[in-house]
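Worksheet: the structure to be examined is printed underneath.
The values are calculated or read from the model by the stated rules, or taken from the named source; none is laboratory data. In this text, all values refer to a predicted model and were calculated from it rather than measured experimentally. Ideal geometry is used to build each Cβ from the backbone, glycine not excepted, and the neighbour counts take in all protein chains shown. Quick note on the areas: whole protein, heavy atoms, side chains included, nothing else; ligands and nucleic acids left out. Shrake-Rupley method; radii C 1.70, N 1.55, O 1.52, S 1.80 Å.
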Amino acid sequence: MSGQDLTWIEMAAETTAAVENLTANDEVFALLAGAVYVLHQDTLRACAVDMARADDTAQAAAIDAAQPTPLGDFNARVATTMSALQAIERANRGVLTQAALPGADATTAHIHRSLAHLRLTAARLWLLTLQARAGDEGGAGLRVGVAGLWTRLETVPRERLAEGARVFVGTYYTNIRSEPLDLAAWPLNP
């Protein structure tokens, strides 16, 4: 197994542990589902990539032919999406590692860090999903792990997404806000 494979598997293990911890509280888990959903919607707008169907190359080719975009072909957009997700992960990890949040009281700092943790977990979940579906690294173990994460997330009904999702609208990309929310687009078990 290569070092890159191990990196993906380690990220999958860390993300699985984070998701398992979040399932202990239904409200917090619904917030995570909202974060995952909004990241999907915002990425669709920002990068023209449906991350839940990134492995459907026939559909991607059809979309490229029918709706060309200045963002490049599908493969270029997936690469851009992976880079964007890694930037989201780094930014939110940075919030979690700050010693103190300037000008924030303890309650505000806790809320800020909690939301950063949910955004970080959502970004990692989508990174892992894209890698498992469209990449070669990570192997079957990564695909099985990602399927398990989505099995947990699909327990959150669409109607529970709305309240949690609104907290994350506009927090991933500059000038991208998925409003109104289209809850029919919740990518159950992509």
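Here are the numbers for this structure:
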{"item": "Residue check for residue 10: within 17 Å of residue 89 (Cβ to Cβ), acidic (Asp, Glu) and touching a residue at least 60 places away in the same chain (Cβ under 8 Å)", "result": "no"}
{"item": "Contacts under 7 angstrom Cβ, first residue in the stretch 176-190 being within 15 Å of residue 164 (Cβ to Cβ), partner open to solvent by 30 Å² or more (accessible area, probe 1.4 Å) and at pLDDT 70 or above, 6 or more apart", "result": "178/45; 183/158; 186/158"}
{"item": "Candidates 46, 30, filtered to the one that is within 20 Å of residue 161 (Cβ to Cβ), out of contact with any Phe, Trp or Tyr (no Cβ under 7 Å at 6 or more places or on another chain) and either at pLDDT 90 or above or surrounded by 15 or more Cβ atoms within 10 Å (Cβ to Cβ) (or both)", "result": "30"}
{"item": "Yes/no for residue 160 being closer than 21 Å to residue 49 by Cα and of a type in the set (Lys, Arg)", "result": "no"}
